[in-house]
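*Asks:* Got a structure for you, written out below as structure tokens; questions coming shortly.
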Amino acid sequence: MNGHIKGRGTVRVGRCAAAHARDTTPCEGPAETVTVIDAEGRELIGCLHHSARTLASVAGTRLHPLAALLPRAADVYHRAAELPPFAWEVGR
Ligand SMILES: [Zn+2]
């Protein structure tokens, strides 16, 4: 035994708040790219990768209105537009 966690489902710590619980991909891009607002109105500060994936997947999710002022907001929208819903369930 060398202390490694068994199996493939290594627990990642420090992922951004926008990462969906079942999306095991690591963060990508600046850690605080934009603020995503979920259907309950919670503000989730997310990286480029997870903000786009959550936006493409979770009903009622949107970018914070002030995200329009941020240079990466368009990148998030472009990525989201090219993703299937719940990309992590189809291996993307
Ligand atoms: Zn992330």
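Computed from the coordinates by the stated procedures, all read-outs in this text should not be read as laboratory data. As the structure is a prediction and not an experimental result, all values here were calculated from the model. Using ideal geometry, Cβ is built from the backbone for each residue, glycine included, and neighbour counts are taken over all protein chains shown.
*Asks:* Could you check the simple spin-label distance between residue 21 and residue 69, using points 7 Å along Cα→Cβ, in nm with one decimal?
*Replies:* 3.3
*Asks:* Taking the Cβ of residue 83 as the centre, find all other residues whose Cβ is under 14 Å away and add up their charges (Lys, Arg: +1; Asp, Glu: -1).
*Replies:* -2
*Asks:* Against the longest principal axis of the chain, how steep is helix 48-57, in degrees 0 to 90 to the nearest 10, with axes from Cα atoms?
*Replies:* Orientation of helix 48-57: about 80 degrees from the principal axis.
*Asks:* Rounded to the nearest 20 Debye, what is the dipole magnitude of the chain about its Cα centre when Lys and Arg each give +1 and Asp and Glu each give -1 at the C-beta?
*Replies:* Around 340 debye, computed over the chain.
*Asks:* Answer rounded, prolate or oblate for the chain, using the Cα gyration tensor with square roots of eigenvalues a ≥ b ≥ c: rounded when a/c is under 1.5, else prolate when a/b is larger than b/c, else oblate.
*Replies:* prolate
*Asks:* Moving to a separate point now. Taking the Cβ of residue 45 as the center, what net charge do the other residues with Cβ under 15 Å away carry, scoring Lys and Arg +1 and Asp and Glu -1?
*Replies:* Summing Lys/Arg as +1 and Asp/Glu as -1 gives +1.
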